[in-house]
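The values are calculated or read from the model by the stated rules, or taken from the named source; none is laboratory data. Computed from a prediction, not measured in an experiment: that's the story for all the values here. Quick reminder, even Gly has a Cβ in these numbers, built from the backbone with ideal geometry, and neighbours come from all protein chains shown. Calculation scope for accessible area: heavy atoms of the full protein, side chains included, ligands and nucleic acids excluded. Shrake-Rupley method; radii C 1.70, N 1.55, O 1.52, S 1.80 Å.
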Amino acid sequence: LVEVTADLPAETVRVPDLPRDLADAVGRGSLESRSPRGRIEGSEGKKVRLAQYAHVVGAALRNFLAGRDVPLILAAAPPIDAIFRAACTYPHVTREGIGGNPDARSDHDLAAARGVLDGVHAEEVRDFAALFEARTRAGRTTTDVAHAATCGAVAAIAVDVDAAVPGTVDDADGGVTFAPEASVATHGVVDEIAGRVFTSGGRVLALRRDEVPGGGALAAVLRYAF
């Protein structure tokens, strides 16, 4: 597993229970045996063991990434790419991957995955816009979010990452008190609202202003009409 971030070098991450290779995963020294005594030998046996391998790897990654909600980009060549996608139950495997043999690439080379993340972001923006439009027709969206976020009514929120609105949000009713300028005594209103959505189990998307539905600093999809 190679971790890729926006501004740091790619880094190999140690994953508990991740096998070293196929033989380590399935406990078999040779994958090419054609002994007639086994029921899964030769090419068919190899496919079965590749599927077993993919399940072991997928389970280790799912457990390691549980609760992190981060995209997982697959670097693999056929046939293991399709086998792994069928076996892996981690919900955030990206549709686009990195083809070719990853064994021949360094961590730095695999950092090209940042280009895949651009596509992931664009898809998230489109999906949220479509969801916001659908929920608007059902009366389950708002751009006046503070009260709903304080009550835990927000399922997902899009936030302008560059928005800076000094002020405070009341803990009881979500009332907003704006401040003339930022100081040590005030917090960012947008950041505070996003934090409340996150701590209540809502999803937070960090977007640019022109990607936020309605063109404001915040746009929220509600769990129920509010």
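Scan region 213-226 and report the pairs whose first residue is of a type in the set (Val, Ile, Thr) and whose second residue is part of a helix (DSSP H, G or I), with Cβ atoms within less than 8 Å and a gap of 6+ or a chain change.
Partner pairs satisfying both residue conditions: Val221/Phe128; Val221/Leu131; Val221/Phe132; Val221/Arg135.
Considering only region 139-151, state which residues are open to solvent by 60 Å² or more (accessible area, probe 1.4 Å) and either without any contact (Cβ under 8 Å) to a residue 60 or more places away in the chain or farther than 14 Å from Val212 by Cβ (or both). Give the derivation first.
The first filter runs over region 139-151 and keeps only residues open to solvent by 60 Å² or more (accessible area, probe 1.4 Å), leaving 140, 143-144, 147, 151.
If the condition is that a residue be open to solvent by 60 Å² or more (accessible area, probe 1.4 Å) and either without any contact (Cβ under 8 Å) to a residue 60 or more places away in the chain or farther than 14 Å from Val212 by Cβ (or both), then Arg140, Asp144, His147, Cys151 are the ones that fit.
May I ask you to say which residue of Pro78, Pro19 is open to solvent by less than 30 Å² (accessible area, probe 1.4 Å), in a loop (DSSP other than H, G, I, E, B) and at pLDDT 85 or above? Lay out the reasoning, then the answer.
Details: Pro78 fails: open to solvent by less than 30 Å² (accessible area, probe 1.4 Å).
Result of the check over Pro78, Pro19: Pro19.
Is one or more of the residues making up region 98-107 under 18 Å from the mean Cα position of the chain (by Cα) and not in a strand (DSSP E or B)?
Looking for residues that are under 18 Å from the mean Cα position of the chain (by Cα) and not in a strand (DSSP E or B), one finds none in region 98-107, hence no.
Filter region 152-174 down to the residues that are open to solvent by less than 30 Å² (accessible area, probe 1.4 Å) and assigned to a loop (DSSP other than H, G, I, E, B), then identify the one that is nearest to Ala225 (Cα to Cα).
Ala153
Is it fair to say Gly201 is free of Cβ contacts under 8 Å to residues at least 60 places away in the same chain, over 23 Å from the mean Cα position of the chain (by Cα) and surrounded by fewer than 19 Cβ atoms within 10 Å (Cβ to Cβ)? Walk me through how you get there before you give the answer.
Details: free of Cβ contacts under 8 Å to residues at least 60 places away in the same chain: yes; over 23 Å from the mean Cα position of the chain (by Cα): no; surrounded by fewer than 19 Cβ atoms within 10 Å (Cβ to Cβ): yes.
Judged against the criteria, Gly201 is not a match.
Return the residues of region 104-122 that are more than 24 Å from Arg208 (Cβ to Cβ), hydrophobic (A, V, I, L, M, F, W, C) and touching a residue at least 60 places away in the same chain (Cβ under 8 Å); say none if nothing qualifies.
Step one: of region 104-122, the residues more than 24 Å from Arg208 (Cβ to Cβ) are 104-110.
Now restrict to residues that are hydrophobic (A, V, I, L, M, F, W, C): 104, 110.
Across region 104-122, the qualifying residue is only Leu110.
Any chance region 89-112 includes a residue that's open to solvent by less than 40 Å² (accessible area, probe 1.4 Å), closer than 27 Å to Val4 by Cα, of a type in the set (S, T, N, Q) and modelled with pLDDT under 95?
Yes, there is a match, as at least one residue in region 89-112 is open to solvent by less than 40 Å² (accessible area, probe 1.4 Å), closer than 27 Å to Val4 by Cα, of a type in the set (S, T, N, Q) and modelled with pLDDT under 95.
Quick one: in region 123-138, which of the residues that are open to solvent by 40 Å² or more (accessible area, probe 1.4 Å) and of a type in the set (Gly, Ala, Ser) is farthest from Gly214 (Cα to Cα)? Give the steps one after another, and end with the answer.
Here is the first cut: in region 123-138, the ones open to solvent by 40 Å² or more (accessible area, probe 1.4 Å) are 123-124, 126-127, 129-131, 133, 135-138.
The next check asks that each one be of a type in the set (Gly, Ala, Ser); those that pass are 129-130, 138.
Values: Ala129: 10, Ala130: 13, Ala138: 17 Å.
Across region 123-138, the extreme among qualifying residues is Ala138.
Looking for something acidic (Asp, Glu) and outside any helix (DSSP H, G or I) - is there at least one such residue anywhere in region 129-150?
Initial filter on region 129-150 (acidic (Asp, Glu)): 133, 144.
When the remaining residues are screened for being outside any helix (DSSP H, G or I), the result is 144.
Scanning region 129-150 turns up at least one residue that is acidic (Asp, Glu) and outside any helix (DSSP H, G or I).
Can you say whether Ala54 is open to solvent by less than 80 Å² (accessible area, probe 1.4 Å), over 26 Å from Asp24 (Cα atoms) and among the aliphatic types (A, V, I, L, M), as far as the supplied structure shows?
Numbers: open to solvent by less than 80 Å² (accessible area, probe 1.4 Å): yes; over 26 Å from Asp24 (Cα atoms): no; among the aliphatic types (A, V, I, L, M): yes.
The answer is no for Ala54.
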